[in-house]
Amino acid sequence: MAKTALITGVTGQDGAYLSRLLLEKGYKVYGLVRRSSHFGVNDHRLRWLGIEKDVEYLDGNLTDLSCLIRAVRETRPDEVYNLAAQSFVKSSWEQPVLTGNVTGIGAVNMLEAVRIEAPEARFYQASSSEMYGLIQEPLQSETTPFYPRSPYAAAKLYAHWMTVNYRESFGMHTTSGILFNHESPLRGLEFVTRKVTDAVARIKLGKLDVLEMGNLDAKRDWGHARDYVEAMWLMLQQDTPDDYVVATGRTTTVRDMITIAFAHVGLDPDDYVRINPAFLRPAEVDILLGDASKARAKLGWTARTSLEDMIVEMVEADLVRHKA
Ligand code: NDP
Ligand code: GDR
């Protein structure tokens, strides 16, 4: 019998790639979509992958426990992937309460809905390398202490520990993937890689003169979302629930990532990039570098896409979009 999956955050970057992966594996895929004033489903990412008609959508919001209970009751999922969140770190200082409600309490609402309606279902929580924050160890693994540095990271840490608690308190199959930054042509335009690749495409096409940036010294461990959703699925195929770091094991400055993007179109970033303090954050996570050896050993997972290949793929996709 085909398995059934329920994905929250189905309209986001990871929701789109995960939906495609699960559809390819023969799953029946349900996606929770929040209501907006725009008519219909905000399904542009699913459309980009050509799968918008293959997912069945349910109306719902992570802050409303009653609709989550109904969603789990109606879909009877084998696997639940909780990807929905207020996921932009910078916005979390402007909207700390909403971020706590959606990214923190929202995950507990989803855990409760599963506990009440389908306690045997396997549950995936989208935890984040942002939880490491002020870095305690040069290479971050599942045993590295956390030190969240933003309302987003604090909310994710709460959701992370609640996921561990539901596993230990109720014996539920709840797993947390501590994923480092992952990007793609479907990344939101506010995140740094896509902001850069979109701007590079527009500059190349003569549609933009200047790219305004924040902290160029920050270092991130960047992988490709297409690779990372495979790790999510692999985690839920394990007999025992656990926590896993998912990362490439390479860290790069924002500055060097920008250089890769400009070099692809034969331009010099010094001619276009300016610093605008508006893009700085009240507190910064200076460097992230993940140790994914547990995922490699237990899941057989490794990152397949280099930063260079991914940035080139993103610039090319943005060139196509802006030429259209
Ligand atoms: P996106 O920002 O692209 O997607 C977020 C999704 O959450 C969207 O579908 C959004 O819906 C939905 N959403 C937001 N608020 C609510 C709400 N109140 N109720 C229901 N749905 C809501 O994130 P990503 O795909 O990049 O990330 C997926 C998850 O993984 C997130 O939880 C993120 O925090 C986490 N994560 C991401 C990493 C990354 O590098 N990408 C790394 C580590 C963790 P809408 O389309 O309507 O806005
Ligand atoms: P991050 O991603 O905060 O790591 O969270 P983002 O791409 O927003 O920032 C990465 C780093 O780049 C620096 N930076 C800028 N960032 C943005 N967005 N815009 C700029 O102009 C800019 N200039 C410099 C930032 O200061 C930061 O150091 C992402 C999200 O997907 C989270 O949901 C997820 O949990 C983590 O990754 C892992």
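Rule-based calculations on the coordinates, nothing more; no lab input. Everything numeric in this text was worked out from a predicted model, so none of it was measured. Virtual Cβ from ideal backbone geometry, glycine too; neighbours counted across all protein chains shown.
Annotations
- Relative to one another, the C-alpha centroids of the stretch 163-238 and the stretch 1-69 are positioned 18 Å apart.
- Extension gain, W48 to H322: 0.36 nm times the residue separation minus the Cα-Cα distance gives 97.2 nm.
- Between the beta carbons of T253 and D209, assuming R0 = 30 Å, the FRET efficiency works out to 0.80 to the nearest 0.05.
- Of the chymotrypsin sites (Phe, Trp or Tyr not before Pro) in the stretch 183-256, those whose Cβ has at most 16 other Cβ within 10 Å and which sit in DSSP loop: F191
- Fewest neighbouring Cβ atoms within 10 Å first, the residues D270, D64 line up as D270, D64.
- Computed [θ] at 222 nm, deg cm²/dmol, the chain (DSSP H ≥ 4; -39,500 (n - 2.57); rounded to nearest 500): -11500 deg cm²/dmol
- Loop GluC sites (Glu not before Pro), the stretch 179-274 (other Cβ atoms within 10 Å of the site Cβ: 16 or fewer; DSSP): E190
- Residue-span extension gain [A2 to A297] - 0.36 nm each, minus C-alpha spacing: 103.4 nm
- Virtual spin-label span in nm between F170 and D242, 7 Å along Cα→Cβ: 2.4 nm
- 17 Å reach of a label modelled at N101, 7 Å along Cα-to-Cβ, counting backbone N of the stretch 64-87: 64-68, 84-87
- Couplings 3J(HN,Hα) of the stretch 9-20, computed from phi: x, 5, 7, x, 4, 5, x, 5, 5, 5, 4, 4 Hz, in residue order, whole Hz [Karplus 6.51 cos²θ - 1.76 cosθ + 1.60, θ = phi - 60°; x for Gly and Pro].
- Computed E for E94/D59 - FRET, C-beta separation, R0 41 angstrom, nearest 0.05: 0.95
- 0 to 90° range, to nearest 10: angle between helix 151-170 axis and the chain longest Cα axis: 30 degrees
- Restricting attention to the chain, close to 5% of DSSP beta bridges with both partner residues there are antiparallel.
- E74/R35 FRET efficiency (R0 25 Å; Cβ-Cβ; nearest 0.05): 0.90
- Loop-located trypsin sites (Lys or Arg not before Pro) in the stretch 182-221, at most 11 other Cβ atoms within 10 Å (DSSP): K207
- Taking each residue as 0.36 nm, the span from E190 to D271 lengthens on full extension beyond its C-alpha to C-alpha distance by 27.0 nm.
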